[in-house]
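See below for the structure under consideration.
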Amino acid sequence: VDYLSPQLYWEIDPPQQSYPALLDWWLQQNKMNRHLYTGNYASAIVVKSWPVNELVRQVQLSRDRRDQLSLGNVFFSAKTFSHNTHRIGDTFKSGEYSTPALQPEMTWLTAPAPSSPQNVRASADFKLYWSSDSSHTVRSWAVYALRADVWELVHVLNRDTMEVGVQGGYYAVRGVNRLGKESDAVTVHVDDIYVGVVGK
């Protein structure tokens, strides 16, 4: 077993079979310390008239248990987000999901390390470019921006995307494999006068 995804389709507040009680039970069963991604019943905002805030609170409770390897949520049905039913997509995009995130690394599994991006360059029109991955080890590209001395993840791009628009500043690009392992970064400085690779 590489991860657990129990369907916890109950609300938070009922004392019997409450969401946090069930989540805590599953975390206690996780003797091998694998990732747990809770299954949440997003369709309940339609079929059971749950408020969207119920799901927001469930995500918050899941995140509160990150130190116990509660590392994410899986929603059924995704259509509620793609259709923005009861503005659920807007609510999460402006709150809990306002920034991109990478899959947590599954350190107990082995796979070829992802290749670092090659031929990284910045153009005068404020775009970063790099070459496609010929090693077939990259599943996605992670782009970080240096903000107030902290590298912040700003884009997660699929493996077939090799460019992204940026503003001035320092950026780092990394390859990410299917297990969430990141490559060494290639760093680029972009400003009005100079564009170029700073280092790896």
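The values are calculated or read from the model by the stated rules, or taken from the named source; none is laboratory data. As the structure is a prediction and not an experimental result, all values here were calculated from the model. Methodologically, a virtual Cβ is constructed for each residue, glycine included, from the backbone with ideal geometry; neighbour enumeration extends over all protein chains shown. Just the protein is used for accessible areas: all its heavy atoms, side chains included, with ligands, DNA and RNA removed. Shrake-Rupley method; radii C 1.70, N 1.55, O 1.52, S 1.80 Å.
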**Area accessible to solvent at Arg174, 1.4 Å probe radius, in Å²** = 70 Å²
**Asked** Where does the charge balance sit around Ile12 when Lys and Arg score +1, Asp and Glu -1, over other residues with C-beta under 10 Å from its C-beta?
**Response** -2
**Fill in**
By accessible area (1.4 Å), largest first, Val59, Val47 order as Val47, Val59
**Item:** Alpha carbon centroid spacing (whole Å) that separates region 5-77 from region 160-194
**Value:** 34 Å
**Asked** Around Arg174, what is the net charge, scoring Lys/Arg as +1 and Asp/Glu as -1 over all other residues with Cβ under 9 Å from its Cβ?
**Response** -2
**Message:** Which of Ala42, Ala148, Ala185 ends up with the largest GNM mean-square fluctuation for the chain, with Cα atoms connected below 10 Å?
**Reply:** Ala148
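Rounded, prolate or oblate: which fits region 106-167, taking a ≥ b ≥ c as square roots of the Cα gyration tensor eigenvalues, rounded meaning a/c under 1.5, else prolate when a/b beats b/c?
Numbers: a/c = 2.56, a/b = 1.38, b/c = 1.86.
Here region 106-167 falls in the oblate category.
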**Fill in**
The correct pair for region 36-136, radius of gyration to one decimal and Dmax as a whole number, both in Å and from Cα atoms, is 18.5, 53
**Fill in**
Judged on accessible area alone, 1.4 Å probe, highest first, Trp25, Trp130, Trp10 line up as Trp25, Trp10, Trp130
**Complete:** Residues meeting the amide H criterion for Val74 (H placed from the backbone, H to H distance under 5 Å, 5 or more places apart or on another chain) are Thr38, Gly39, Asn40
**Request:** Go through region 66-81 residue by residue and turn each phi into a ³J(HN,Hα) via Karplus (6.51, -1.76, 1.60, θ = phi - 60°); whole Hz please, and just put x for glycine and proline.
**Result:** 4, 5, 9, 6, 7, 10, x, 9, 10, 9, 10, 9, 4, 4, 4, 7
**Item:** Spatially proximal lysines relative to Lys48 (Cα-Cα < 21 Å; intrachain offsets below 8 disregarded)
**Value:** Lys79
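Mind checking the dipole of the chain: about its Cα centre, +1 per Lys or Arg Cβ, -1 per Asp or Glu Cβ, Debye to the nearest 20?
420 debye
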**Asked** Rg(Cα) of region 29-72 divided by 2.2 N^0.38 Å?
**Response** 1.33
**Message:** In Å, what Kirkwood hydrodynamic radius results for region 90-142 from the alpha-carbon pair distances?
**Reply:** 14.2 Å
**Asked** With Cβ to Cβ distances under 15 Å as the rule, what net charge do the other residues near Ser82 carry (K, R +1; D, E -1)?
**Response** +2
**Asked** In terms of the Cα gyration tensor, with a ≥ b ≥ c the square roots of its eigenvalues, is region 68-200 rounded because a/c is under 1.5, prolate because a/b exceeds b/c, or oblate?
**Response** oblate
